[in-house]
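So the structure is just underneath, and the comments pick up after that.
The values are calculated or read from the model by the stated rules, or taken from the named source; none is laboratory data. What you are looking at is a predicted structure, and each value in this text was computed from that prediction instead of being measured. When we count neighbours, we look across all protein chains shown, and the Cβ atoms used for this are built from the backbone with ideal geometry, even at glycine. Note: areas computed on protein heavy atoms with side chains; ligands, DNA, RNA excluded. Shrake-Rupley method; radii C 1.70, N 1.55, O 1.52, S 1.80 Å.
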Amino acid sequence: MDAEMVVGYFKGRSILITGSTGFLGKVLVEKILRVQPDVKKLYLLVRANDITSATRRVQNEVIGKELFQVLKNKRGAGFDSFVQEKICPLAGDIIHENLGLDPAKLTEISGAVDIIVNGAATTNFYERYDVAFDANVLGAKNICDFAKKCTKLKMLLHVSTAYVAGEREGLILEKPFTMGETLREGTHLDLDSELNLIKDTRREMKAKCSSEKAEKRAMKELGLKRARNFGWPNTYVFTKAMGEMLLGHLRGDLPVVVVRPSIITSILEEPLPGWMEGIRTIDSVIIGYAKQALSFFLVDLDLIMDVIPGDMVVNAMMVAMAAHSEERAQTIYHVTSSLRNPAPYAVLSDTGHRYFFANPPRTGKNGEPARLRKMRFFRTVASFRGHMAIKYKLPLQVAISLTLNPPRFAALICTKYLLPNLIPFRIRISQMLRLVNIALCGVFSRRYDELSRKYKFVMHLVELYAPYSLFKGCFDDINTERLRVAMKGKNTGRYYLDFDPKSIDWDEYFYRVHIPGVIKYLCDD
């Protein structure tokens with residue numbers, strides 16, 4: 001199988017794509033339209049009330065993006081008519097039965113579709129449990145049910161994540177999940193029970209007349225609690241794992257490919273190097289440093305960060321679709337880099353420091369270059385917590401004492417200096433502190449607010465990303481390597497379908513492509 005054959009496979013095909021407004025979905029849509037203009041139709045299912053709204057969303061959130069500039073230049077004046085001919089927006093949602101399509105549209109689409117690509121998901125690590133369950137678990141079920149109604153279907157490709165593996169160590173195989181499997185010994189997962197738990201919790205919240213904010217917080221905490229109970233670090237990867245279970249359990253003899261990318265990063269080659277949308281794990285640290293809001297983080301620089309450029313993920317998806325068309329089986333692909341071309345976090349640290357010292361971010365009202373210091377990294381949770389205690393916890397305690405309870409703070413001062421019984425002196429100190437706080441326009445209050453905000457920001461990042469910054473697993477990709485070997489030496493060079501991480505120079509990629517891309521496309525988000 002060569003690149004010509006892969007691209008040729010999509011000629012005359014009709015493809016249903018969910019999640020086309022997401023980063024990976026946009027890259028896939030653009031790639032297919034650019035390399036195979038003879039594709040018959042791309043049906044893009046987007047959340048919308050009607051076809052007018054769906055069309056507007058596709059125009060604004062997909063076709064209108066800078067990513068499509070190369071295709072626009074290639075098609076010239078005929079770009080708009082080409083897009084109208086090839087793209088069919090659909091108003092619907094994977095959380096609904098029949099994807100929310102009306103009976104007439106359901107009949108039309110199910111009789112036309114050759115390939116389904118399910119990329120729709122909620123990727124928020126700390127999402128409401130009900131929202132994540134609807135999209136990532138029930139969504140997989142609804143896609144599977146719809147696929148069985150498609151009379152011409154050749155392939156269902158489902159996008160998951162390599163981190164459904166949780167926080168495992170060692171070599172992680174490309175294995176499917178069995179129904180009810182968990183990552184914690186002695187536990188068993190029942191999806192119906194989880195759904196009932198969600199319904200019961202929502203019912204209880206409504207009975208208590210809880211506010212919308214309280215309900216949201218409760219559902220977020222429930223998701224995190226259930227994930228950790230079964231061995232997953234967050235709601236996102238937990239529900240994606242359940243979605244895989246359900247898809248494998250219900251697929252019957254459907255040809256199914258599950259693609260599990262690791263951390264997806266900016267485009268490496270085509271069509272626009274460095275282009276990206278949506279802040280990924282490592283990008284939060286890059287942006288935090290660029291904005292001078294983050295000077296330290298929890299990460300072991302010797303550990304491997306498993307990242308893969310978005311265009312490589314799409315290339316692997318396209319090759320997998322062609323390779324497994326009408327193959328009545330399920331195949332798992334890790335689209336990852338940790339085994340073939342491991343990049344330690346030190347590469348990101350070194351290139352980041354070099355880039356920002358050569359291109360210092362602008363800060364302040366007049367846009368002066370920031371005065372930078374190297375970011376400090378802590379290899380263990382214990383060392384990180386110790387630093388946070390000294391830098392934030394202690395000043396916070398002082399600030400809150402000064403702001404909320406000057407008498408108590410005055411008593412602490414007197415006790416410290418062996419003046420416990422000088423009540424008048426304590427009162428005088430207390431009054432003085434109140435007056436100082438007022439005279440300085442609430443400087444202590446502002447200091448408390450600033451420290452509290454920074455403390456919460458850093459701790460939130462660490463809670464979400466520590467399972468990845470301290471990840472000690474390595475993703476086996478034997479299935480993906482077989483796919484690469486099948487393409488090896490047969491690429492004519494006319495089409496770029498590379499998905500071999502060994503071709504990436506990580507130092508060059510981060511310094512010249514990814515970090516500039518983060519600054520250009522994400523720093524204003």
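Quick notes on this structure:
- For segment 214-261, the set of residues classified as of a type outside the set (Val, Ile, Thr) and not in a helix (DSSP H, G or I) consists of PHE230, GLY231, TRP232, PRO233, ASN234, ARG251, GLY252, ASP253, LEU254, PRO255, ARG260, PRO261, listed by residue number.
- Hits in segment 314-342 (condition: surrounded by fewer than 20 Cβ atoms within 10 Å (Cβ to Cβ) and assigned to a loop (DSSP other than H, G, I, E, B)): SER325, GLU326, GLU327, ARG328, ALA329, LEU339, ARG340, ASN341, PRO342
- For segment 262-312, a tally of residues being part of a strand (DSSP E or B), open to solvent by less than 30 Å² (accessible area, probe 1.4 Å) and either of a type in the set (A, V, I, L, M) or free of Cβ contacts under 8 Å to residues at least 12 places away in the same chain (or both) returns 5.
- Among the residues of segment 65-78, the ones that are in contact with a helix residue (DSSP H, G or I) (Cβ under 9 Å, 6 or more places away or on another chain) and open to solvent by 20 Å² or more (accessible area, probe 1.4 Å) come to 7 in all.
- The number of residues in segment 196-235 that are open to solvent by less than 100 Å² (accessible area, probe 1.4 Å) and acidic (Asp, Glu) comes to 3.
- Any hit, segment 357-364, residues being at pLDDT below 95 and part of a helix (DSSP H, G or I): yes
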